[in-house]
1. Might you let me know whether segment 156-169 holds any residue that is within 21 Å of Ala47 (Cβ to Cβ), among the hydrophobic types (A, V, I, L, M, F, W, C) and under 20 Å from the mean Cα position of the chain (by Cα)?
2. Filter segment 57-104 down to the residues that are modelled with pLDDT of 85 or more, surrounded by fewer than 16 Cβ atoms within 10 Å (Cβ to Cβ) and aliphatic (A, V, I, L, M) and list them by number.
3. Hey, does segment 33-45 have a residue that's within 15 Å of the chain's Cα centre (by Cα) and assigned by TED's automatic domain parsing to the domain that holds Lys101?
4. For segment 127-155, enumerate the residues that are of a type in the set (Lys, Arg) and under 17 Å from the mean Cα position of the chain (by Cα).
5. Mind checking which residues of segment 86-99 are aliphatic (A, V, I, L, M) and in contact with a strand residue (DSSP E or B) (Cβ under 6 Å, 6 or more places away or on another chain)?
6. Counting only residues that are of a type in the set (Lys, Arg), give me the helices (runs of 4 or more DSSP H) lying completely in segment 46-141 with at least 3 of them.
7. For Val62, indicate whether it is in contact with a His (Cβ under 9 Å, 6 or more places away or on another chain), farther than 21 Å from Arg117 by Cβ and among the aliphatic types (A, V, I, L, M).
8. Would segment 47-54 turn up any residue that is within 20 Å of Tyr98 (Cα to Cα), out of contact with any His (no Cβ under 9 Å at 6 or more places or on another chain), of a type in the set (Asp, Glu) and surrounded by 22 or more Cβ atoms within 10 Å (Cβ to Cβ)?
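The values are calculated or read from the model by the stated rules, or taken from the named source; none is laboratory data. Values in this document were obtained by computation on a predicted structure and should not be read as measured data. We place every Cβ from the backbone using ideal geometry, glycine too, and count neighbours over all the protein chains shown.
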Amino acid sequence: MRVLLIEDDFILGSSLKKALEKHAYGVDWLRDGESGLAAIESLDFVAVVLDVGLPLLGGLDVLRRSRQKGKQVPVLLLTAFDSVRHKVEALDQGADDYMVKPFDLEELLARLRALIRRRDGRIETVIRCGDVNIDPSALVARKGEDTVHMTAKEFQLLKLLMERRGRYVTKNDIEYALYDTGSGIESNATEVTIYNLRKKLGSDFIKSIRGVGYMIER
């Protein structure tokens, strides 16, 4: 699946490109609005991640002109503005979703997956294990009838374990799936996240065997 990333900030753009590629997307990264618009008009992408503040041609102009030319590729807009007026303008110009900087990378990836599913006419079903269920598209976790509030990393780890329920997931697999291995993560980051999940979902919900990994049985 090929994604077009249009972002002029080098640090943010390179981080997003690396994260998207880590999650099996092919990425074309462009850094100005004119070349971005040309790419949308001439190439096929499953989605576009589009910054508002671009040189040569602003992100909203890129969005508006691409829609006027009949291009219906899903667009996730990135902006530094958080006012209702800016959100309304973005949606009116044809944005499919909208995120304000700074944002959580895991949330951006989840929103991007949701846009692609909607484009393909697919709906991700709720995942259930015992009395715990999660809705990956809405980033919601529940235990019984109660919503469980958790961080993006906690949600992603819980989703990974629930998707692989009945099988042990190694610490290395977890770190590869959830973290940028080049970012110098804390050695106990996985253990801390598991500890927090057990506090929220029950001490017996996630099983572990030292040297093997973690598992949700049911």
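1. Keep residues of segment 156-169 that are within 21 Å of Ala47 (Cβ to Cβ), which gives 156, 159.
If we keep only those that are among the hydrophobic types (A, V, I, L, M, F, W, C) too, we end up with none.
No - not one qualifying residue is present in segment 156-169.
2. Selection gives Ala80, Val100.
3. Keep residues of segment 33-45 that are within 15 Å of the chain's Cα centre (by Cα), which gives none.
Taking every residue of segment 33-45 in turn, none turns out to be within 15 Å of the chain's Cα centre (by Cα) and assigned by TED's automatic domain parsing to the domain that holds Lys101.
4. Lys153
5. Taking segment 86-99 and keeping what is aliphatic (A, V, I, L, M), we get 88, 90-91, 95, 99.
Ala90, Ala95, Met99, listed by residue number.
6. Numbers: elements: 59-68, 84-92, 105-119.
Hits in segment 46-141: 59-68, 105-119.
7. Details: in contact with a His (Cβ under 9 Å, 6 or more places away or on another chain): no; farther than 21 Å from Arg117 by Cβ: yes; among the aliphatic types (A, V, I, L, M): yes.
No.
8. At the first step, the residues of segment 47-54 found to be within 20 Å of Tyr98 (Cα to Cα) are 47-54.
Now drop any that are not out of contact with any His (no Cβ under 9 Å at 6 or more places or on another chain), which leaves 47-51, 53-54.
Restricting the remaining residues to those that are of a type in the set (Asp, Glu) gives 51.
The next check asks that each one be surrounded by 22 or more Cβ atoms within 10 Å (Cβ to Cβ); those that pass are 51.
Among the residues of segment 47-54, at least one is within 20 Å of Tyr98 (Cα to Cα), out of contact with any His (no Cβ under 9 Å at 6 or more places or on another chain), of a type in the set (Asp, Glu) and surrounded by 22 or more Cβ atoms within 10 Å (Cβ to Cβ), which makes the answer yes.
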